[in-house]
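For reference, the structure discussed in these notes is given below.
Throughout, read-outs are computed from the coordinates displayed, never taken from laboratory work. Just so you know, these numbers come straight off a predicted model, no measurement behind them. Here the Cβ is made from the backbone with ideal geometry for all residues, glycine too, and neighbour counts use every protein chain on show.
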DNA sequence: GCACTGTGGATAGTGTCGCTCCCCATGCGG
DNA sequence: CCGCATGGGGAGCGACACTATCCACAGTGC
């Protein structure tokens, strides 16, 4: 399809698609000469992913990192999560990993890589919440962690097993784009739980 | 304390504090004449909250709505969650509430207000994820919802019961600032669960 | 009394970001 | 051969969160 059709199909203006091409968020179409290129369904999927990421608050620079990671699929299932971890935008600015966090993981019995970016994000997010007057005691953190295990169990059970490239896509897109779903569910659950209590 | 001391204590430049004062994010200090005002510990807490919100990606306009809500505390415990819901920044742009969402809540047995902003956010967040190729089947959504109940149970058990104003502060600050904590925990839990499976 | 520093108040400027507009040369379709 | 969409690229725009500068003046130290 031509760029105008890609624009129509995705709802993204042509000028913005050109911008994404320049920024490397969208791979070039197959060139059919100097003034014509062909875009595939893959391009359409990519555009939709980029829009969803950007609308979810991911910066263009981070979205480029994410899409670059998707273009270089993992060799094995073992690579999958590690590669996804490093490709994902951090949920909070990184800080040094606190002793509290390492102790929490030990208590939970969680086995994670010692350099996982999420460890730094978690330390920073906890510190930020505390600095704003949210005490976040240990038992609250462990409660959140247990609930996160249930979330993660749903996550991994929905990862396709046949194709590593689509598995990586699912993990990365799912992690980023389901976060707001969980946030909305949490607010609704608060309302439900508090009206019941 | 004077504005320079407030700046030093919070780590926020004086020029930025003046900006927050202009924008209504920070109430004026008690005036001690034309060129002097006194700022209290409440102001310091407010500055730290505003910084945490802004650092978490909340816009200044939304942060003003949040802080205005905090300045007008609820009359009763019954008001608390409702007021917090409307004061909180939405986790995703609002869309019309989908039939799927109303059906999901019915299946879950959740009782929530029919105009809760989180319903609109949830519908929009689900649609955004789907458009990016995350299928999000019903059983996944119910799984996420059950886990969100556990999160919400921790949330409400940590709300102070003595003072309605501080309860509202805790709910609002906790909801926004714990979201990134949960996101980081989710990533770590994914790594743990997938390495175990 | 007097210089000096810090303050409240206000306006204008800065840097970043995500587009968006415009221009050009080209080459396919009619 | 003409019109027009395309690929390519530079420059501009609007929003946003500050940040810099200026001003008049009130305390403070001397």
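Tabulated data for the structure shown
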{"quantity": "Within the protein assembly as shown, helix-based [θ] at 222 nm, where runs of 4 or more DSSP H residues each add -39,500 (n - 2.57), nearest 500", "calculated": "-22000 deg cm²/dmol"}
{"quantity": "Efficiency of FRET from Cβ geometry, residue B:139 and residue A:9, R₀ 41 Å, rounded to 0.05", "calculated": "0.85"}
{"quantity": "Nearest-ten-degree value, helix B:117-131 long axis tilted from longest Cα axis of chain B", "calculated": "60"}
{"quantity": "Mean-position separation - Cα centroids, the range A:98-138 and the range A:165-197, in angstrom", "calculated": "20"}
{"quantity": "At 7 Å out from Cα toward Cβ: residue A:72 inter-copy label distances (nm, ascending)", "calculated": "5.3"}
{"quantity": "Shape call, the range A:76-197: gyration tensor on alpha carbons, a/c limit 1.5", "calculated": "oblate"}
{"quantity": "19 Å reach of a label modelled at residue A:65, 7 Å along Cα-to-Cβ, counting backbone N of the range B:25-60", "calculated": "B:55-58"}
{"quantity": "Residue B:130-residue B:2 pseudo-label distance in nm [points 7 Å out on the Cα-to-Cβ vector]", "calculated": "6.0"}
{"quantity": "Global geometry of the range A:70-111, whether rounded, prolate or oblate, following the gyration tensor of its Cα atoms and the 1.5 cut on a/c", "calculated": "oblate"}
{"quantity": "Contour minus Cα-Cα distance for residue B:45 and residue B:72 (0.36 nm per residue)", "calculated": "8.1 nm"}
{"quantity": "Shortest-first nm distances, residue B:9 label point to equivalent points in other copies (7 Å, Cα→Cβ)", "calculated": "6.0"}
{"quantity": "Acute angle (nearest 10 degrees) that the helix A:41-55 long axis makes with the longest principal axis of chain A, alpha-carbon atoms", "calculated": "40"}
{"quantity": "Two-site label geometry, residue A:98 and residue B:79: point separation in nm, points 7 Å out along Cα→Cβ", "calculated": "3.3"}
{"quantity": "Residues of the range A:142-178 with amide N under 17 Å of the 7 Å Cα→Cβ point at residue A:106", "calculated": "A:142"}
{"quantity": "Axis-nearest residue in chain A [Cβ, rotation onto B], distance in whole Å", "calculated": "A:147, 2"}
{"quantity": "Rounded tilt (10° steps) of A:99-108 against the dominant C-alpha axis of chain A", "calculated": "90"}
{"quantity": "Inter-copy label distances at residue A:135 (7 Å, Cα→Cβ; nm, one decimal)", "calculated": "4.5"}
